[in-house]
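The values are calculated or read from the model by the stated rules, or taken from the named source; none is laboratory data. Model, not experiment: these values are computed from the prediction. Please note: Cβ atoms are built from the backbone with ideal geometry, for glycine as well, and neighbour counts cover all protein chains shown.
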Amino acid sequence: MSVGYVYDPIYLEHVTGNHPESPARLVAIMEHLQRTGLLAEMVQIPAMAATLRDLNRAHSRRMIDLVENLSGRGGGRIDLDTLVSRRSYEAALYAAGGTIAAAHACLDGQMESAFALVRPPGHHATPRQSMGFCLFNNVAVAAQWARQVAGLQRVCIVDFDVHHGNGTDDLFDADRSVLYVSLHQYPLYPGTGDWRRPTHVRGPHNNLNIPLPADTGDSGYCRAFDLLVKPAVRRFRPEMILVSAGYDAHWLDPLAGLCLSLATFRHLTEALMEMSREFCPGCLVFVLEGGYDLDVLSHGVGMTIATLLGRDYVDPFGASPRPEASIDALIQRQAAWHEIDIPD
């Protein structure tokens, strides 16, 4: 079976100036994948524009119109962090639609897995508000398409971006047909994702937020994933796994403070592949989110894709020199809250 990818030059037309989330991110990724030969081993999935109906499954019409109108006027700011340029609306339509295209190709049996190399990113966009570099929530739009159009009963979203995906969390917190799992640094922008938040309803099919302290490293992160995420996903038995793939939890990323190496991204990819084979063969879709050191971002995506292809990949950066924070107590609390049994 093949590994697919979605990419379109329109993604470079979301022009953000001197901003961390810039077209240079995708340029660096594509150049790296071409240079390493990984791109040649993949199958391109044509991008498409999301329809208004697609967007409306995840976002209010007022929010959609705001992005379209601002883009039509030549651009501007939605908030301090979130910029719109002349072609941003079009790029955002193709980012959401490209994610649907990747999911569709996997569901149709054309691919074993896929990576939607799209921008602008999406996981901070709430049902009613673009924010945090994000215009529309690409992974949420695809999840709603998978449920309401493709007819799936259970969709899992795993988010390993260093920032909490507050938009995805908001949309699906009360929806037992979608399991949203986020491992993120806390406290950090946007300030959400604390497992003790009052709106969180205890139960096996609700969102699983794992807030990690600064300096969480490979050992603790992988332990949290293996002991908390894997049992929660297995209990849910997904028919599709969508992955919000951000690479800003790497120890060299300038916008955060976790201490992961590329080895953890390989571990996560292997674990997600294993769970996909167990519950939803061929239905594993990665979707680009954050990552703001261009070299780390390129190699992080390269590590993920090489793992999907069954290829070796050399980590040029190595492990973080900083001491790791202990998260054993956090894991125990989370396991008790979500009724997950941890082996002695």
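What the table shows:
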quantity	calculated
Residue in the stretch 23-31 that is modelled with pLDDT of 95 or more, assigned to a helix (DSSP H, G or I), of a type in the set (D, E, K, R) and crowded, with 18+ Cβ neighbours inside 10 Å present	yes
Scan of the stretch 297-325 for residues that are in a loop (DSSP other than H, G, I, E, B) and either in contact with a Pro (Cβ under 9 Å, 6 or more places away or on another chain) or buried (at least 23 other Cβ atoms within 10 Å of the Cβ) (or both), ordered by number	A325
Residue that is surrounded by the most Cβ atoms within 10 Å (Cβ to Cβ) [pool: residues in the stretch 41-72 that are small (G, A, S) and under 12 Å from A96 (Cα atoms)]	A58
Evaluation of L183 against (1) farther than 19 Å from R333 by Cα; (2) assigned to a strand (DSSP E or B) (one fails), failing number	(1)
Residue ID - surrounded by the fewest Cβ atoms within 10 Å (Cβ to Cβ), chosen from residues in the stretch 220-262 that are under 16 Å from E324 (Cα atoms) and in contact with a Lys or Arg (Cβ under 8 Å, 6 or more places away or on another chain)	W251
Residue pairs meeting the criteria (Cβ under 6 Å; at least 6 apart or on separate chains; first under 18 Å from T168 (Cα atoms), in the stretch 84-103; second assigned to a helix (DSSP H, G or I) and small (G, A, S))	T99/A142; I100/A142; A103/A142; A103/A146
Top-ranked residue in the stretch 79-88 [being assigned to a loop (DSSP other than H, G, I, E, B) and in contact with a helix residue (DSSP H, G or I) (Cβ under 7 Å, 6 or more places away or on another chain); ranked as farthest from P120 (Cα to Cα)]	R86
Residue within the stretch 259-266 that is over 22 Å from I340 (Cβ atoms), hydrophobic (A, V, I, L, M, F, W, C) and assigned to a loop (DSSP other than H, G, I, E, B) present	no
Enumeration of residues in the stretch 149-175 that are charged (D, E, K, R) and touching a His at 6+ places or on another chain (Cβ under 8 Å)	D159, D161, D173
Index of the failed condition, T216 passing every other in (1) modelled with pLDDT of 95 or more; (2) surrounded by fewer than 18 Cβ atoms within 10 Å (Cβ to Cβ); (3) under 20 Å from the mean Cα position of the chain (by Cα)	(2)
Pairs, first under 21 Å from W251 (Cβ atoms) and assigned to a helix (DSSP H, G or I) in the stretch 270-296, second of a type in the set (K, R) and at pLDDT 95 or above, C-beta under 8 Å, six or more apart	A271/K230; L294/R25
Pair list, Cβ under 6 Å, 6 or more apart: the stretch 321-336 residue without any contact (Cβ under 8 Å) to a residue 12 or more places away in the chain, other residue part of a helix (DSSP H, G or I)	none
Some residue of the stretch 326-335 being more than 24 Å from M273 (Cβ to Cβ) and not in a helix (DSSP H, G or I)	yes
Residue selected from the stretch 71-96 under the condition more than 11 Å from S130 (Cβ to Cβ) and among the hydrophobic types (A, V, I, L, M, F, W, C), by the criterion modelled with the lowest pLDDT	L80
Count - residues of the stretch 272-291 that are touching a helix residue (DSSP H, G or I) at 6+ places or on another chain (Cβ under 6 Å) and surrounded by fewer than 23 Cβ atoms within 10 Å (Cβ to Cβ)	2
Test for L55: is it in contact (Cβ under 8 Å) with a residue 24 or more places away in the chain and over 28 Å from H299 (Cα atoms)	yes
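Matching residues to (1) part of a strand (DSSP E or B); (2) farther than 25 Å from R237 by Cα:
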site	(1), (2)
Q129	no, yes
Q153	no, no
D170	no, no
L179	yes, no
W195	no, no
